[in-house]
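K.L.:
A single structure is presented below for examination.
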Amino acid sequence: MLFAQITDLHIREPGMALSGRVDTAGFLERAVVRVNALSPRPDFLLITGDLIDGGSEAEYRHLQRLLEPLAVPAYLVLGNHDGREAFRACFPDLEYWRPDQKFVQYALDLGALRLLVLDTHDPGKSSGALCADRLDWLAVRLAEDRDTPTVVVMHHPPVAVGLPGMDRLRLLEGAERFAEVVRVAPNVERILAGHLHRGVTVRFAGTVLDVMPGAAHQVHYDSEGATPLALVMEPPMLQLHRLVAGTGLVSHKLYVDSYGGPQSFG
């Protein structure tokens with residue numbers, strides 16, 4: 001089992017740049033080319049939230065067009081910049097999620113691996129939430145299977161990571177119970193998240209929280225909260241996750257763009 005992950009696409013309407021200068025559509029096009037060229041090719045691409053920037057149907061339609069060249073299935077996750085009703089309108093036929101559900105949450109049983117995808121979108125807020133209904137769903141899904149290696153997927157990190165500007169915008173509602181639900185499930189291999197636009201790894205609730213850098217811009221690293229939140233044009237990245245027998249989930253972060261090579265050391 002091999003799958004790729006990207007996050008925080010922030011797609012806008014055609015011709016519109018993020019903050020007037022970031023061509024997020026162009027970055028996604030390059031990420032799709034990179035995923036398609038990987039050898040071996042991943043089984044699917046997981047996109048962990050902030051699919052679009054303003055929550056509109058027009059942005060989702062643009063996202064659909066940009067993903068058309070993708071050669072593998074894409075599994076979509078909602079973030080704070082998404083719009084649940086617009087998503088429901090634009091993606092009514094997804095095999096893995098029913099649009100009559102209140103939240104965009106779903107389980108993927110992939111044989112050797114299980115993915116449980118959460119919806120942390122909290123309308124009108126940049127921070128995330130997991131209400132009782134969403135956490136009950138997770139608790140039931142985890143209780144169904146305590147053996148198969150399981151990955152919990154969400155947009156907002158559930159714990160502070162030492163970035164004050166972003167820590168204020170993490171998962172706030174439901175974070176404590178989320179930790180309790182995960183802690184009693186010994187087969188949770190990893191929690192995959194986005195939102196921070198930085199690569200962060202931390203122990204959490206008996207497992208590992210792995211936060212991906214963005215597919216376009218990153219957020220300025222500021223561990224003291226000394227400056228307002230700002231973007232930086234550090235390289236976009238993707239992550240490859242492989243389930244290895246006897247080891248567990250092994251993850252590699254790759255740059256989307258090419259920097260020359262491979263070249264001999266000789």
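K.L.:
Along the principal axes of its C-alpha atoms, what lengths does segment 2-255 span, in descending order and rounded to whole Å?
P.N.:
Here the Cα extents, ordered largest to smallest, are 47, 43, 36 Å.
K.L.:
Can you give the FRET efficiency for S223 and S126, using 1/(1 + (r/R0)^6), R0 = 22 Å, r = Cβ-Cβ distance, to the nearest 0.05?
P.N.:
0.65
K.L.:
Here's another thing I want to ask about it. Pick out, from Y106, S223, L138, the residue whose Cα sits farthest towards the positive end of the charge dipole of the chain, with +1 on the Cβ of Lys and Arg and -1 on the Cβ of Asp and Glu.
P.N.:
Result: S223, furthest along the dipole toward the positive end.
K.L.:
Per residue of the chain, what 222 nm ellipticity follows from adding -39500 (n - 2.57) for every DSSP H run with n ≥ 4, rounded to the nearest 500?
P.N.:
-6500 deg cm²/dmol
K.L.:
Which value, in debye to the nearest 20, gives the size of the charge dipole of segment 1-130 about its Cα centre, when Lys and Arg are +1 and Asp and Glu are -1 at the Cβ?
P.N.:
That gives a dipole near 200 debye.
K.L.:
Here's another thing I want to ask about it. Take the alpha carbon atoms of segment 172-244, find their center, do the same for segment 1-65, and report the distance between the two centers in whole angstrom.
P.N.:
After rounding, the separation between the Cα centres reads 18 Å.
K.L.:
Computed FRET efficiency, Cβ-Cβ of V244 and E68, R0 35 Å: what is it to the nearest 0.05?
P.N.:
Using R0 = 35 Å, I get an efficiency of 0.65.
K.L.:
For an R0 of 30 angstrom, estimate the FRET efficiency from the Cβ-Cβ distance between M1 and D133 and round to the nearest 0.05.
P.N.:
0.50
K.L.:
Label E85 and S56 with points 7 Å out from Cα along Cα→Cβ: what is the distance between them in nm?
P.N.:
Using points 7 Å along Cα→Cβ, the separation is 1.6 nm.
Values in this text are rule-based calculations from the coordinates and carry no lab data. Note that the coordinates shown come from a computational prediction; the quantities given were computed from them, not determined experimentally. Counting neighbours? That spans all protein chains shown, and the Cβs are built from the backbone with ideal geometry, glycine included.
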